[in-house]
Amino acid sequence: MSLGDRFVPGELQEFIPGDPFWPPSPEGVASSYAKSLSPPGSLVLIPFSLSPLLPLELLDSGYKVIASSFNPLPILSLKALHNRGEDFISALTHLEDAPRGEKLLRHYLQSLYLVECPGCGELVEAEFFLWEGQTPAAKAVKCPKCGTAGTFPLVPTDLKPLENLKEKGPDYWYVLARLFPPGEVSPPEAEELPLVYTPRNLHCLNAIFVKIEALFPEKSPQGLALKTALLGAMHLSLSLYPSPEFRGRPMRLHPPPRFVEANAWKAFQVAAENLRRFFRPLPMVEPEEFFQKDKAPALLPVPWGIKKLEGEIPPASASLLILEPPPLDRAWWALNFLWAGWLMGYQAAYPLRPLALKGVFGWDWYEETLKRSLLKLKGLLKPDGFALFLGQDIPPVMAECLVLAGAKAGLRPESFSFRERDTRLEIRLLFSNPSSEKVWPVVGRREEETVEEAILEVLTYSGEPLTPTLLRLAVEWWLSSRKPWAWGDRKRGEFRSFLEEMLSSLLRENRLKPWAEGELLGLPQYPSLSIPLSDRAELEVYRLLREKGLLTMGELEELFYASFHGPLAPKSDFLRECLASYGEETEGGWRLRAEDEPERRAKDQEEVKAILQELGEKLGFQVKEGARDPFDVIWEEKEASGRPLQLIAGLNFGFVVESTAALTGFFLRHFSPPFPRSYVVIPGGRASLVWYKLKNMPLWSSLKGWQFIKYRHLRRLAQEKAPDRYSLQKIIGLDPVVERPGAQLSFM
Ligand SMILES: [Zn+2]
C-alpha cells in the first residue's frame, strides 16, 4: 500500500461557510486514495454521501462515481452544482425582482429586517438581532449611510416589522404540513421543529421558498440551485446559536436563553454567492445509461438507501467505497427531516423520519447498524477492492465504532491515521475486501497476551504517554490490523472493560505508569533512544524548513504527513505553532528564520554556556560545566563544597541550554528536576511554542520545578556591571518580570 498509515490532510473547503452542521471537507484526500488504490475509469461508490464537493474531485480524476444517500439533501445539493454561473444569476434576479404584494420580493424581505440607525436615524437593514428569552433585545447595525457600527438596544420602530408575525402563524402551519402526507396528524415531536426559527426568519425563508416553487419547474437546474442556496440560509438562520461567533454544533433543538437571530435574507444572499463558486457542468446520467456506459467520468447522484443500492448496483462492481460516516445526532437528523420536507416534500423526507422523530439511538446501535450496512456494501465491492472512511469532525467513540464495525463486517483494516482537533478527530481509515479468508481471522493465542502486546507496542511507538482515549483507539486499530484478532460478536462495551482490566493489571505490575496526574498512561521509563512522537514532529518541521526553503502551511502538511506514518498524527495547530516558531512568513510562504540556521544555533548555545560560566563566577558560584546529566552548567555554592550531596543540591542552580522545544523526551527522563533551581535556557523565538506545549500537552502542564530562561535575558544580565542574584530572579520564566511594563528601567 503506497499510502501506508500516513495521514492525508487535504485542503479544507467549506461548502457553506460558517455552518457547523456541514464541516469543511478535505479536498484532495479521496482522490489521492483513489489514485493509488483503483484504476482510472473504475467505479467509486459513495454510499453515505454528505459533502457535495467530494464526488467532484473523483470525477476530475477520471472515475465513474455513484453518490448516494438516504438523506435527499446532499443529493439535491450535488445536482444543483450542475449549473452555469450566468444562468444562476439571472434566476436569482428573476426571483428577487418577483412581485410580493405591492413590493418586489427583495424589498419586501429587506423590510422585515429594517431598524433605526442609532447614528443617523435612517432605516437600515440589521445584520442580526440578539434575543433574550421570548423577545429581541438588541440589534447589530453596520450603517452604510453614516458608518455607525455595533450592537445597540432596540427602539419601538425596530419592532414594527414583527407586528403581524405570530409564533405559530400561517408559515408555521405551512411548513409543518409539508412534512407529512395529507391527512396524517403530525406527531408532537414534529411540532417543535419549525420553532427552530424566529417567526420573522421562518416567514422570510418560507417566502423565498414559495416564490421559488412558483417560478421554477421542480427539476430545473436553476430551481435546484436556488433551493440549495435556501438550504444554506436555513442552516445559517437557526435560533440555536448563543452568539454570532459560536461555531459549535447545537445539541438541542430549543433556542438557548440568549440567541442570535440571523438576518435570513442576508444569509440567503451570502449562501447564493458562495454556491456560485462550485458551479460546473457535471457528467450526470440516468441509472440505465450509467451502468451501460463504459466511459468515465460519469456521475450518478441518487437518494438511495443501502437496500436500494444493493438491488440496483451489480454485485462486485465497485472498486472503491468512500464512506463519510453518518452523524449520530438527533438534532442533525431532525433538522434534515425538516429541511428535506420543507424543500422537497414529505415523500423525500420520509426515510429520515425514524432518526428524526424516534427516541434515542446509542453507539451500540450505531455500530450494529453500520456493520449491517457494511456487510451489504461488501457485496457490491470487488474482491480486493477498498473501503475508505473519511471523517472530519467526529467524536473518538465514533471512530471506535467504525474500526470495529468494519472489522466485524469482514473487511480487513489496512491503514488508519487520525489527528485530534480539540476533542474531535479527523480520520482516514482504510479497509480492504479480502478475496480469501485464509488468514483472517486467526485465533489461538491467549487474548490477554495479544492485548498486552498491543498496548505496549502502541506506547513504544508513540514514545510518550497517551490519553486513555487515544490509547484505546490505537490499540483497537492495532488489534484489527496488525494481529489477527477475532472480534466475533463482542460488544464495544465488553471489549472496553476487558481493555480497562488489562490496563489496570499492567499498572499494578508497574509495567505502565500514570503520568500527568493520571491524565495520561505511559511506560514507566523512556530510554534516551526513544524519541517521542511530538518531538519527532517538531524536529521534522524544522528539518523541512531547513531543506525545502519556502513552504506554505498546505505544502508543509503535505510533506510532513508523507514522512510521518502511524495512526497518531500530530494536530495541525501544533504544526502551525512549530512553523511559526522556526519560520518567518514572507511572500509566498514560510522560510527558516535566520537565527535558526543550525550553525548559528550551535554558536549561540556555546555562547550561552560561556555566559553562564562567566555569570556564575561573577555571582560567586563555583561553576561546573557539563558536570553531570542532565545539566550543561551547574552553579554550586562555594561554601557548600565538601558538604553532603543532598545539602548541596538544595542550593545549586542547574542549567540546560537548548535550541529547540523538542523536550518531551527530556522531561520524560527528568520529570522531577534534580535541583529546586533547574532551568531550561531557550531562544526567545521558542517561547511561544513552549507556551503552547505547557498549555496543551498534559505532560508539560503537569511539570513541576522546571523553569525557562530566554537567551537574550541572560546576555543582557551578563552585560550588567554588577549583576546580583536578585537580578537573576527577574529574568526567569517565559514572561519574566523584566518583560513586564515598568520593570525595564530598574533592570537597564
Ligand atoms: Zn446611520
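A short reminder: the numbers here are calculations on the coordinates, not readings from a lab. Every value quoted in this text rests on a predicted model; they were computed, and no experiment measured them. As a convention, Cβ positions derive from the backbone with ideal geometry for all residues, glycine included, and neighbour counts pool all protein chains shown.
Between 0 and 90 degrees, rounded to the nearest ten: what's the tilt of helix 264-275 against the longest Cα principal axis of the chain? Computed tilt is about 80 degrees. Across segment 30-169, the mean sequence separation of Cα contacts (distance under 8 Å, 6 or more residues apart), normalised by length, yields a relative contact order of 13 percent. Between Ser702 and Arg669, the C-beta separation translates, for a Förster distance of 22 Å, into a calculated FRET efficiency of about 0.90. Near the amide H of Leu425, within less than 5 Å, lie the amide hydrogens of Ile394, all on another chain or at least 5 residues away, with H placed in the peptide plane. What's the whole-number percent of alpha carbon pairs in segment 181-233 lying beyond 15 angstrom? Counting every Cα pair in segment 181-233, those more than 15 Å apart make up 59 percent. Exposure proxy ranking for Thr198, Thr369, Thr450, based on other Cβ atoms within 10 angstrom of each Cβ and starting from the fewest, stands as Thr369, Thr450, Thr198.
Rounded to 0.05, the FRET efficiency of the Glu289 and Arg372 pair, given R0 = 30 Å and the Cβ-Cβ distance, is 0.45. Among the cysteines of the chain, those whose beta-carbon sits 4.7 Å or more from every other cysteine beta-carbon are Cys204, Cys401, Cys578. By how many degrees, between 0 and 90 and to the nearest 10, does the Cα long axis of helix 330-344 differ from the longest principal axis of the chain? The two axes meet at around 30 degrees. Maximal additional length on extending the Ser243-Ser220 stretch stands at 4.6 nm, based on 0.36 nm per residue less the C-alpha distance. Values of log10 I(q)/I(0) for segment 67-154 across q = 0.15, 0.21 Å⁻¹ run -0.83, -0.95, by the Debye formula with one identical scatterer at each alpha carbon and no solvent.
Around the amide H of Gly41, modelled in the peptide plane, lie the amide H atoms of Tyr63, Lys64, all under 5 Å away and 5 or more residues distant in sequence or on another chain.
The dipole here belongs to the chain: it is taken about the Cα centre, uses +1 on the Cβ of Lys and Arg and -1 on the Cβ of Asp and Glu, and is about 320 debye.
Just so you know, the Cα atoms of segment 85-235 work out to an Rg and Dmax of 17.3, 54 Å. Counting beta carbons within 10 Å around each of Tyr582, Tyr692 and listing the fewest first gives the order Tyr692, Tyr582. Out of all DSSP beta bridges with both ends in the chain, state the antiparallel percent to the nearest 5. Approximately 65 percent, going by the DSSP bridge assignments. Compactness ratio for segment 280-382: Cα radius of gyration over 2.2 N^0.38 Å (N = residue count) comes to 1.25. Compared with the direct C-alpha span, the chain from Arg511 to His254 gains 87.6 nm at full extension, assuming 0.36 nm per residue. Note on Asp604, Asp87: ascending count of other Cβ atoms within 10 Å places them as Asp87, Asp604, the fewest first.
Diagonalising the gyration tensor over the Cα atoms of segment 381-425 and scaling each eigenvalue by 5 before taking the square root yields semi-axes of 22, 11, 8 Å, largest first. Peptides 514-521, 263-270, 327-334, 148-155 ranked from most to least packed give 263-270, 327-334, 514-521, 148-155, packing being the mean of other C-beta atoms within 10 angstrom over each peptide's residues. Rounded to the nearest Hz, the phi-derived 3J(HN,Hα) couplings of segment 250-261 under the Karplus curve 6.51 cos²θ - 1.76 cosθ + 1.60 (θ = phi - 60°) are x, 9, 10, 8, 8, x, x, x, 10, 8, 9, 9, where x marks glycine and proline. Taking the C-alpha atoms only, the angle from helix 687-696 to the longest principal axis of the chain is near 60 degrees.
Across all C-alpha atoms in segment 61-107, the radius of gyration and Dmax reach 16.4, 51 Å.
Computed log10 I(q)/I(0) for segment 301-460 at 0.16 Å⁻¹: -1.08, from the Debye equation with unit scatterers placed on every C-alpha and solvent omitted. Semi-axis lengths, largest first, of the ellipsoid equivalent to segment 533-592 are 18, 11, 10 Å, with √(5λ) applied to each eigenvalue of the Cα gyration tensor.
Considering helices alone, the calculated mean residue ellipticity of the chain at 222 nm is -12500 deg cm²/dmol, with DSSP H runs of length four and up weighted by -39500 (n - 2.57) and normalised per residue. Just need the relative contact order of the chain here, percent rounded to a whole number, with Cα pairs under 8 Å and 6+ apart. RCO, the chain: 11 percent. The phi-based Karplus calculation (6.51 cos²θ - 1.76 cosθ + 1.60; θ = phi - 60°) puts the 3J(HN,Hα) values of segment 297-306 at x, 8, 10, 10, x, 9, x, 9, x, 4 Hz, whole numbers, x for Gly and Pro.
Counting every pair of alpha carbons in the chain, the share spaced more than 34 Å apart comes to 59 percent. Distant-in-sequence amide contacts of Met284, defined by a placed amide H-H separation under 5 Å and a gap of 5 or more residues or a different chain, comprise Leu299. If you plug the beta carbon distance of Ile732 and Leu550 into 1/(1 + (r/R0)^6) with R0 = 56 Å, you get a FRET efficiency near 0.95.
Label point of Glu132 set 7 angstrom out along Cα-Cβ; within segment 237-266, amide nitrogens under 15 Å from it belong to 257-260.
Can you tell me the relative contact order of segment 431-565? Whole percent, Cα pairs under 8 Å, sequence separation 6 or more. Relative contact order, segment 431-565: 26 percent. The distance separating the Cα centre of segment 653-717 from that of segment 1-62 comes to 41 Å. Fully extending the segment from Asp629 to Lys571 would add 17.7 nm, taking 0.36 nm per residue of separation and subtracting the current Cα-Cα distance.
What residues from segment 346-366 fall in the zone where the backbone N is under 19 Å from a label point 7 Å along the Cα-to-C-beta line of Val185? Backbone N within reach: 357-358. Fraction of C-alpha pairs exceeding 15 angstrom in segment 231-293: 64 percent, rounded to a whole number.
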